[in-house]
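**Q** Just dropping this structure here.
The values are calculated or read from the model by the stated rules, or taken from the named source; none is laboratory data. Just so we're clear, the structure is a prediction, and the values are computed from it rather than from any experiment. With ideal geometry, Cβ positions are generated from the backbone for all residues, glycine too; neighbour counts draw on all protein chains shown. Heads up: the accessible areas ignore ligands, DNA and RNA and are worked out on the full protein's heavy atoms, side chains in. Shrake-Rupley method; radii C 1.70, N 1.55, O 1.52, S 1.80 Å.
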Amino acid sequence: MTYTQTQAASMSSTATEARVREVMKHVFADITGLATRGFTSHERAAKWRDDLTWMLSNEVISSFELQLEAPGQPTRGFHYDVSNDGSIQEAGRSGGMQLYAFPNGTRASIVVSFKSPLPDEIEAEIKARNWTSPATYLKGERTRDRAYSCDGYGVIRNRVGDW
């Protein structure tokens, strides 16, 4: 698991554990699609779900990205921006990731962007969950694909790379 680090400003948040869990149903369906295609294991997908749910519930990340590395092709992915200011009201359906376009042997990974600074106890939990390897997001234009929300809290999914 890998991460990047960003700065965050204080503001009122619409994040609650119940809203995060509702939004994560859609995100986990996306992740399960990766496991079903064999791009990651179902065990790893479940860990990603659990860790993302914890991170989003504790409001320690601003975004995350599912990256797909296909043999002999440029890396592409899905960038998810967290929206916790009440502005997102779209509740799209999960799926529609066009995973059939990726050949066997494609590998999925996840990158998260932590807010900064984080309290010591949060840093300790992140280390315990093994989210300590530095990484970078994919470069390139992001194209809005869909959004998942619940009562003003959600994520916006963008395609990144040459689709």
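**Q** Between segment 75-91 and segment 108-163, how far is it from one alpha carbon centroid to the other, in angstrom?
**A** Centre-to-centre distance over Cα atoms comes out at 10 Å.
**Q** Under 18 Å from the Cα of K127, which lysines turn up, not counting those fewer than eight places away in the same chain?
**A** Here the lysines satisfying the reach criterion relative to K127 are K47, K115.
**Q** Please work out how much length the chain gains when fully extended from A101 to D50, using 0.36 nm per residue of separation minus the C-alpha to C-alpha distance, in nm with one decimal.
**A** Full-extension gain reported as 15.6 nm.
**Q** Can you give me the distance in nm between label points at E123 and T36, each placed 7 Å from the Cα along the Cα-to-Cβ direction?
**A** So the two model labels end up 4.1 nm from each other.
**Q** Let me make sure I get this right: for segment 86-163, a, b and c are the square roots of the gyration tensor eigenvalues over alpha carbons, sorted descending. Under 1.5 in a/c it's rounded, otherwise prolate if a/b > b/c, else oblate. Which is it?
**A** oblate
**Q** Using only Cα atoms and rounding to the nearest 10 degrees, what angle (0 to 90) does helix 42-57 make with the longest principal axis of the chain?
**A** Tilt of helix 42-57: around 30 degrees.
**Q** Calculate what fraction, in whole %, of the accessible area of the chain sits on carbon and sulfur atoms when a 1.4 Å probe is rolled over the protein chains.
**A** 47 percent
**Q** On to the next question. Using a 1.4 Å probe, what is the accessible area per residue for segment 18-87, in Å²? Walk me through the numbers before you get to the answer.
**A** Details: 2770 Å² over 70 residues.
With all protein chains present, segment 18-87 gives 40 Å² per residue.
**Q** Identify the chymotrypsin sites (Phe, Trp or Tyr not before Pro) of segment 55-136 meeting these criteria: DSSP loop state and at most 10 other C-beta atoms within 10 Å of the C-beta.
**A** Counting only loop positions with at most 10 other Cβ atoms within 10 Å, none of the chymotrypsin sites (Phe, Trp or Tyr not before Pro) in segment 55-136 qualifies.
**Q** If you take the square roots of the eigenvalues of the alpha-carbon gyration tensor of segment 39-83 and sort them as a ≥ b ≥ c, do you get rounded (a/c under 1.5), prolate (a/b over b/c) or oblate? Don't jump to the answer; show the numbers that get you there.
**A** On the way: a/c = 4.53, a/b = 1.52, b/c = 2.98.
In terms of gyration-tensor shape, oblate.
**Q** Nothing charged except the Cβ atoms of Lys and Arg (+1) and of Asp and Glu (-1): what's the magnitude of the dipole of the chain about its Cα centre? Round to the nearest 20 debye.
**A** Values: 19 positive and 20 negative charges, 118 e Å.
Dipole size: approximately 560 debye.
**Q** Rounded, prolate or oblate for segment 24-163? Axes are the square roots of the Cα gyration tensor eigenvalues, ordered a ≥ b ≥ c, and the cut-off for rounded is a/c under 1.5. Walk me through the intermediate numbers first.
**A** On the way: a/c = 1.62, a/b = 1.23, b/c = 1.31.
Verdict is oblate for segment 24-163.
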